[in-house]
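As C-alpha cells, the structure follows; a few thoughts come after it.
The values are calculated or read from the model by the stated rules, or taken from the named source; none is laboratory data. What you see is a predicted model, and the numbers here were worked out from it, not measured in a lab. Positions of Cβ are backbone-derived with ideal geometry, glycine not excepted, and every protein chain shown enters the neighbour counts.
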Amino acid sequence: MQTVKTKVTLIAIVLLLSPMQLFALADDGQQPIQVEADSLEVRDKDNISIYIGNVRLKQGSLEFRCDRLTLHFDDAKELALMEMTGNPATFRQLDDEGQALKGQAEKLQYRQAESILVLSGNARFSHKGDIIESNIIQVNTEDESIQAGSSESDNRVRMLIQPKQQ
C-alpha cells in the first residue's frame, strides 16, 4: 500500500513540475520557413514583404494559409509583425503530444516581440476538442494564456469544453 501511495505522489510531483507544452512542438522554431504564394512584392525601403494568392507558410508542424500575408521587419531586418487575411485565414500546429491546435479568422496577426497571436473577425480556436469562438481571440504563445471577447455585446464568447478523460 505504501509503495502505491509513494508512486502516486511521485507522479503528481513530476506532473506539477513539468512545464505545460500547450502551444508547439519543441523543435518547430528550429525548422526552416517555407513560403509559397501566387505573387510576391518586396518593399525593401519600407521593410515589408507582401505575398498574395493562395499563400502557405510552413515551419515544422506550424502551417498558415491565407489569401494575403504581409511581413513587417524592423530596421535590423528581424521579423516584427505578420499580418494574414483570408476567407478565412487559418493556422494549424501540433503540440508535443501530437495534438493539433487550429485557428481561423478573417485576420490573423502575430507580433513577434510580444509573442502574441490575434485572431479577429469570426475567430475560432480549438485544441483537443475544446473550442473557443469570438470576434477576437488573443493567444500568448509565451505564457500560454488565451483571452477572448469583444466590446460589442452581441458578439459574445462561445466555448465548448470537453470532459477530462479518466
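Please verify whether region 42-49 includes one or more residues that are modelled with pLDDT of 95 or more, surrounded by 15 or more Cβ atoms within 10 Å (Cβ to Cβ) and of a type in the set (Ser, Thr, Tyr).
no
Which residues, counting only those in region 22-71, are in contact (Cβ under 8 Å) with a residue 60 or more places away in the chain and of a type in the set (A, V, I, L, M, F, W, C)? Before the answer, list the steps.
Kept after step one, since they are in contact (Cβ under 8 Å) with a residue 60 or more places away in the chain, are these residues of region 22-71: 22-26, 28.
Residues satisfying the conditions are 22, 23, 24, 25, 26.
(1) free of Cβ contacts under 8 Å to residues at least 40 places away in the same chain; (2) over 15 Å from residue 111 (Cβ atoms); (3) of a type in the set (S, T, N, Q); (4) out of contact with any Cys (no Cβ under 7 Å at 6 or more places or on another chain): which one isn't true of residue 93, the others all being true?
Every condition holds for residue 93 apart from (1).
Just for region 51-66: of the residues that are aliphatic (A, V, I, L, M) and either in contact with a Cys (Cβ under 7 Å, 6 or more places away or on another chain) or at pLDDT 95 or above (or both), which one is surrounded by the most Cβ atoms within 10 Å (Cβ to Cβ)? Can you show your working first?
Just the residues of region 51-66 that are aliphatic (A, V, I, L, M), to begin with: 52, 55, 57, 62.
Restricting the remaining residues to those that are either in contact with a Cys (Cβ under 7 Å, 6 or more places away or on another chain) or at pLDDT 95 or above (or both) gives 52, 55.
Values: 52: 15, 55: 23.
Out of the qualifying residues, it is 55.
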